[in-house]
Amino acid sequence: MRLVNIGVASVSVKVGDFSGNAERLRAVIAEAKFRDVHLLVTPELCISGYSLEDRIWWPDIARRSWESLEALQEHCNGISVFVGLPVRIDAMIYNAAALIHNGSIRGLILKKYLPTYSIFYEGRNWAAWHSGATTIHGVPAGELIFDLPFGKVSAEICEDLWSTNSPAHARVRAGAEIVCNPSASPFTPLKNEQRRRLILGAAGSLACVYAYSNLLGCDNSRLVFDGGGMIASPEGIVAEGVILSPEYWTLTTGVVNLDDVSRVRSENTTWRQEAARQAENPAIMTVDARDGEYAPASVKAFADQFSPNLFMPGEARTVNDADRYLEELFNALVLGLRDYYEKVGAFKQFLIALSGGRDSALCLLLAVHAAKLLNEGKDAGRFGECVSTVYLPNKAYSSSATQKAARALAKELGVSFRVVAIDKEAKVALEKAAELMDGEGHVTPLARQNLQARVRGNMMLNWANNAQGLLLVTSNLSEAAVGYTTTGGDNQGGYSPIANVPKTLVTMLLEYVAKRDGLKSLQQILDIPPSAELAPDQKDEADLMPYVVLDDLLYLFARRRMSLPDCWRILVHRHPDRDAEQLRAWTAHFGRLFAFNQWKREQLPVTMKVLDLDLDPKTGFRFPVTQSIQDELDELASATL
């Protein structure tokens, strides 16, 4: 048996931190060698960081990346390692996976498919490799297969796997037995199930071993990568790494038998027919790298991977598991917040304006869990030193119920809580507004509400300055969609951890964590109807519409790109207890608010992306600031069921 021990690593890296990234890669390589790994796969662009954006245009990025790659060579004696980095050929910049084998760089496989959709803008910065091979820094580059002591290995990079014509098809026909995939695939809940299906499909249809490695953590601000990693054979998953690990790197290993690959290919007539079409294969170079010794992995390690009953599959998986969805989402928010805090490196604590409402409660939960994970959780017992909260009441509108709920949550979570009233400041702000408008009677009700939020926003920003704190903005996705925030007030701060989470999911996350962790104070918060408390007896849903309706519209209109009339028709069936004409009115109200509030979304602070729907104009949602939707509103007004 040709037993090969393969390792897939998930590594948390930082854009441009060549020394820090290299230190973590050296640690992973050392651990892989300790575990007798033959072939190690690390994530896409792990040397430089993935989300380089326009930073890639600086020539030092490619230069320093290559210098880091060369420095890694001496740590790779007796092992083969794929490492990701940017490389340059004249004016072209390519995304590369370099293979270091037995202490020397043997070649570079270049990415063919560049995503330019959703949050991806790779086509702006990178060149796609089309076919054939060339040389970079004196080593082969392009479409390569490496003939290693244990077998033939190739790679494709992240998006290549998702293509309908992935490069792996031609490379396995040309002889590759193992296909490696260094990836930087961002998190969304249960996305790892989709990757799993793709990897199993590739291993099965191509009759190969597929080794997939994914980036981990928040690498430059907005995207969260869930890590994981998988190794699959034609028979199924061999090994699978944990996702959303709080550790800075993880290593998952599995033993495969390449004789199984040869057997499956010889038995499969379809595979043989495809492989025989050599004339249709692109020019793929095979690099002879058979130097070095190969000692097969242990038979025991291989045998231990089988399920107790060889006719039965391993652990059953439930894809549509609501609790697992919420658990992954919560953990991703925590990991992204922890990484942003640490990688910026300028903060001493998290700061939250705790209102007694759901959004600030979720932000506090995230901050507490993130604080417990600082320094990989080594200082978890001191988390309380890193989180501070304040309740900023205006006695005219703030209720005793919200203050009581906020205090109870802070106490139960073990963080500081203080009350700083804004009565005097709100009164002065109103006086100045009246002075500008020639009398208090000319100050609009909306302006009266917003001036309170701006007083609070200024106080929090000043507190952050003094305390070197990361001020968390507590606005959610539903509010961002319809502009239910105050510019210069509650949408100002250092980081917005839940701006990609709609209100209905905020509530579900709180209910889930309350049950999971036994937090009794959260029920007090859930019992209070959502309210900004900026006017007498104010209720958010009275100002807007029920959040279940608003979030339905947000998904249908912004995520599915449905017309407003079609959104309304679906609402009628989803909410049969609601009057159809009321639903039509809410649909029109939503359409106006969504279209007319893009200018506010353009001013949102740095926002973490965790869902497919993303309204951040700097990542996945490019929407006109000035536009008309009147024709669509007219069509909605006359639409029939």
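What to note about this one:
- Lys, Arg +1 and Asp, Glu -1 on Cβ, resulting dipole of the chain about Cα centre, debye, nearest 20: 560 debye
- Model label points for Met285 and Leu190, set 7 angstrom from Cα along the Cα-to-Cβ axis, are 4.5 nm apart.
- Note on the stretch 3-303: with charges restricted to the Cβ of Lys and Arg (+1) and Asp and Glu (-1), its dipole about the Cα centre is near 300 debye.
- Peptides 556-569, 258-271 ranked from most to least packed, by the mean per-residue count of other Cβ atoms within 10 Å: 556-569, 258-271.
- Our summary of shape: the Cα atoms of the stretch 388-452 have principal axis extents of 48, 18, 14 Å, ordered from largest down, in whole angstrom.
- Projected label points at Asp579 and Trp599, each 7 Å from Cα along the beta carbon direction, are separated by 3.3 nanometres.
- Three-way shape label, the stretch 114-192, alpha-carbon gyration tensor, a/c 1.5: oblate
- Cβ crowding within 10 Å averaged over residues, with 191-203, 4-16, 507-519 ranked highest first: 4-16, 191-203, 507-519
- Normalised by the number of residues in the chain, the average gap of Cα pairs under 8 Å and 6 or more apart makes the relative contact order 12 percent.
- Global geometry of the stretch 322-638, whether rounded, prolate or oblate, following the gyration tensor of its Cα atoms and the 1.5 cut on a/c: oblate
- Unit charges at the beta carbon, dipole of the stretch 322-638: most positive-side option, Tyr340, Thr486, Leu554: Tyr340
- Whole-Å distance, taken between Cα centres, linking the stretch 526-599 and the stretch 448-517: 20 Å
- In the chain, the longest principal axis of the Cα atoms and the axis of helix 191-206 are about 20 degrees apart.
- Relative contact order of the stretch 322-638, pairs being alpha-carbon contacts under 8 Å that are 6 or more residues apart, as %: 19 percent
- Length added when fully stretched, Glu541-Asp147, from 0.36 nm per residue minus Cα-Cα: 135.4 nm
- Summary of packing: across the peptides 436-445, 340-349, the per-residue average of other C-beta atoms within 10 Å ranks them, highest first, as 340-349, 436-445.
- Segment Glu293-His137, extension gain: residue separation times 0.36 nm, minus the distance between their alpha carbons: 53.5 nm
- Placing unit charges on each Cβ (+1 for Lys and Arg, -1 for Asp and Glu) gives the chain a dipole about its Cα centre, and among Val11, Val428, Leu413 the Cα reaching farthest toward its positive end belongs to Leu413.
- Binning the C-alpha pair distances of the stretch 3-303 at 10 Å intervals from 0 yields a P(r) profile of 6, 32, 39, 20, 3, 0 %, listed from the shortest bin outward.
- Put the Cα centre of the stretch 1-32 next to the Cα centre of the stretch 167-211 and the gap is 19 Å.
- Around the Cα centre of the stretch 120-196, unit charges on the Cβ atoms of Lys, Arg, Asp and Glu (plus for the first two, minus for the last two) sum to a dipole of about 120 debye.
- Leading residue at positive end of dipole, the chain (Cβ point charges), from Thr116, Ile61, Leu354: Leu354
- Theoretical ellipticity at 222 nm over the chain - DSSP helices of four or more residues, -39500 (n - 2.57) apiece, nearest 500: -12000 deg cm²/dmol
- The spread of Cα positions in the chain, taken along each principal axis and listed from longest to shortest, comes to 86, 59, 56 Å.
None of the figures in this text is laboratory data; all of them are computed from the coordinates on show. The shown structure was predicted, so the numbers you read here are calculated from the model rather than taken from an experiment. Here the Cβ is made from the backbone with ideal geometry for all residues, glycine too, and neighbour counts use every protein chain on show.
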